[in-house]
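Report on the following structure.
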Number of protein chains: 2
Amino acid sequence: MRRFIVIGHEAPTDPDFPLDDLPGGAGRLDLLCRSVTAGLLYSHGIRSDASVTTLHDDAFAVEFDGAALRGLHPDERSTAARFREALARVDEAVGMIEVDVAPGISVARRTIEQYLAALDLPLVQLHEAGDPITELPADGEYAFVLSDHRNFTPAEATVMESVADRRVSVGPLPIHADQAITIVQNYLDTDGYHRYG
Amino acid sequence: MRRFIVIGHEAPTDPDFPLDDLPGGAGRLDLLCRSVTAGLLYSHGIRSDASVTTLHDDAFAVEFDGAALRGLHPDERSTAARFREALARVDEAVGMIEVDVAPGISVARRTIEQYLAALDLPLVQLHEAGDPITELPADGEYAFVLSDHRNFTPAEATVMESVADRRVSVGPLPIHADQAITIVQNYLDTDGYHRYG
C-alpha cells in the first residue's frame with residue numbers, strides 16, 4: 001500500500017469554485033488534481049494499491065482510494081469535478097464521520113494532525129533536505145506526506161517532526177507535488193531503480 | 001540541453017477546440033499540456049535548458065523552448081490556450097518556415113520524420129521494451145521521443161528504427177507521457193540517481 005497525503009494550504013473547503021479557473025479561483029486545486037492523477041493513474045489504469053488524500057485548509061480530508069475508485073480521468077478539470085462532489089458533502093462530515101461520496105471517494109472533517117496521527121503506515125515526509133530516496137527500502141509500504149506549492153508552515157513542521165518516521169528527498173531541485181509523487185511511484189515500481197522489464 | 005518530443009496522434013491542428021473539454025473535444029490535448037509542464041516547469045521556475053515539442057497529426061510541430069519562454073503556468077487550461085495561439089498561426093507556416101508565436105513558442109509544418117531527422121542531439125526513444133534508463137549516461141544531452149496515449153504506429157516505429165540511437169525504458173509499468181518525462185528529468189537532475197542535495 002502506498003498512501004500520498006498532500007497538504008493544500010489554499011485548497012477550497014466548499015464546492016463553489018469555478019472549473020474554468022482552478023489555479024486562481026479554486027485555490028490551486030489544479031495542483032491537487034494533478035497530485036491525484038500522479039498517485040492513482042498509470043496508462044489506462046488505476047493503481048489499486050494506492051490512495052491520495054488532500055488536506056484542505058487544516059479542516060477537511062478528501063480521500064481517493066484506488067482500490068474502489070472508478071472512472072477517474074487524467075485531466076484536471078474532470079478531477080476537479082470529483083473534488084466538487086466531495087466538498088458538496090462536507091456538511092454531513094460531523095465529528096469523526098467519514099462521508100462516502102462515490103466509490104473510492106470520501107470526505108471527513110480532520111485537522112492535519114488528526115489525519116496524520118491516525119495513519120497506519122510508516123510516515124515519510126517528502127522534503128528537499130531529507131535523505132536521498134534511494135536510502136528508503138523499496139519493498140516497504142509507506143504514507144508519503146508532502147506540501148503543495150507552499151512550504152510546510154512552522155506549525156506543520158512541528159507536527160511533522162513529531163509524527164514523521166523519516167524525511168526523504170527525491171532530488172536536488174524543488175519540484176511540483178505531482179512530480180514528486182510520480183518519482184516516488186517510479187522508485188517503488190522499479191524496486192528502487194532495479195526492475196525495468 | 002534536454003529535448004522532449006511527444007507524438008500526438010489525435011492532437012488538434014487548428015485552434016478551434018474547446019478549453020472546457022481538452023480530453024474529448026481537443027483530441028487529448030490535456031496530455032500534451034501536462035507533457036509541456038513536466039518538461040519545462042519545476043517549482044516556481046522554467047527549465048532554461050529544456051524544450052518540449054508536440055507533433056500534431058504528422059503535420060505540425062509546436063515547440064516550447066525553455067530558454068526564451070515566459071509566463072508558462074502549470075495548469076492544463078492555460079497551457080492549452082498557448083497551444084491555441086500557436087495553432088492560430090499554422091497558415092503562416094509555409095514550407096520550412098518556423099513561425100514565432102510568442103517568446104519561446106513556435107509552430108512549423110513538419111512531418112514526424114522531417115522533425116526527427118533535423119534534430120542535433122542523440123535521439124532516445126522512450127519505450128517499455130527499451131534498456132533501463134539507468135544504463136543511459138546521465139551527463140549527456142539528448143532528445144527523448146515518446147508517444148501519447150497510443151502506441152507508436154507501425155509507420156512511426158519504422159521511422160524510429162532508422163533515426164533513434166537507442167531505446168530506453170523508465171519502468172515496468174506503462175505510464176503517461178508526462179510521467180515518463182518527469183522521471184527522465186529526475187534521472188538527469190540527480191546525475192543518474194546519485195545527487196540529491
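The values are calculated or read from the model by the stated rules, or taken from the named source; none is laboratory data. Keep in mind it's a predicted model, so treat the numbers as computed, not measured. All Cβ positions, glycine included, derive from the backbone under ideal geometry; neighbour counts span all protein chains shown.
Tell me whether the range A:104-120 contains one or more residues that are outside any helix (DSSP H, G or I) and over 28 Å from A:THR158 (Cα atoms). Within the range A:104-120 (the criterion being outside any helix (DSSP H, G or I) and over 28 Å from A:THR158 (Cα atoms)), the answer is yes, since at least one residue qualifies. When the criteria are applied in full, B:HIS44 meets the requirement of being modelled with pLDDT under 95 and within 24 Å of B:GLN185 (Cβ to Cβ).
Report, by residue number, each residue of the range A:137-158 that is aliphatic (A, V, I, L, M) and surrounded by fewer than 20 Cβ atoms within 10 Å (Cβ to Cβ). Residues satisfying the conditions are A:ALA138, A:ALA155, A:ALA157.
Only residues that are facing chain B (nearest Cβ under 9 Å), surrounded by fewer than 23 Cβ atoms within 10 Å (Cβ to Cβ) and over 17 Å from the mean Cα position of the chain (by Cα): list them for the range A:159-177, please. Residues satisfying the conditions are A:PRO172, A:LEU173, A:PRO174.
Suppose we filter A:ALA180, A:ALA155 for residues that are facing another protein chain (nearest Cβ under 10 Å), out of contact with any helix residue (DSSP H, G or I) (no Cβ under 7 Å at 6 or more places or on another chain) and not polar (S, T, N, Q); which single one remains?
Details: A:ALA155 fails: facing another protein chain (nearest Cβ under 10 Å).
Criteria check complete, one pass: A:ALA180.
On the basis of being more than 22 Å from B:GLU156 (Cβ to Cβ), surrounded by fewer than 22 Cβ atoms within 10 Å (Cβ to Cβ), more than 17 Å from the chain's Cα centre (by Cα) and more than 14 Å from every other protein chain (Cβ to nearest Cβ), does B:ALA67 make the cut? When the stated conditions are applied, B:ALA67 does not pass them.
Sub-8 Å Cβ pairs linking a first residue in the range A:16-32 that is more than 9 Å from chain B (Cβ to nearest Cβ) and in contact (Cβ under 8 Å) with a residue 24 or more places away in the chain to a second residue that is buried (at least 21 other Cβ atoms within 10 Å of the Cβ) and of a type in the set (Ser, Thr, Tyr), at least 6 apart or interchain, are A:LEU32/A:THR54, ordered by first then second residue.
If I ask for residues that are surrounded by fewer than 21 Cβ atoms within 10 Å (Cβ to Cβ) and modelled with pLDDT of 95 or more, which ones from the range A:126-135 would you list?
Here is the first cut: in the range A:126-135, the residues surrounded by fewer than 21 Cβ atoms within 10 Å (Cβ to Cβ) are A:128-132, A:134-135.
Selection gives A:GLY130, A:ASP131, A:PRO132, A:THR134, A:GLU135.
For the range B:1-53, name all the residues that are part of a loop (DSSP other than H, G, I, E, B) and within 13 Å of the chain's Cα centre (by Cα). Explain how you work it out, then say what you get.
Just the residues of the range B:1-53 that are part of a loop (DSSP other than H, G, I, E, B), to begin with: B:1, B:9-28, B:43-44, B:47-49.
Passing the criteria: B:HIS9, B:ALA11.
Is it fair to say B:VAL36 is over 28 Å from A:VAL36 (Cα atoms), in contact with a helix residue (DSSP H, G or I) (Cβ under 9 Å, 6 or more places away or on another chain), of a type in the set (A, V, I, L, M) and modelled with pLDDT of 95 or more? It is false that B:VAL36 is over 28 Å from A:VAL36 (Cα atoms), in contact with a helix residue (DSSP H, G or I) (Cβ under 9 Å, 6 or more places away or on another chain), of a type in the set (A, V, I, L, M) and modelled with pLDDT of 95 or more. Please indicate, with yes or no, whether at least one residue in the range A:50-60 is more than 27 Å from A:ASN151 (Cβ to Cβ), touching a Gly at 6+ places or on another chain (Cβ under 7 Å) and of a type in the set (A, V, I, L, M). Scanning the range A:50-60, I find no residue that is more than 27 Å from A:ASN151 (Cβ to Cβ), touching a Gly at 6+ places or on another chain (Cβ under 7 Å) and of a type in the set (A, V, I, L, M), so the answer is no. For A:ASP91, only one of the following conditions fails: (1) assigned to a helix (DSSP H, G or I); (2) under 23 Å from B:GLN179 (Cβ atoms). What is its number? Single failed check for A:ASP91: (2).
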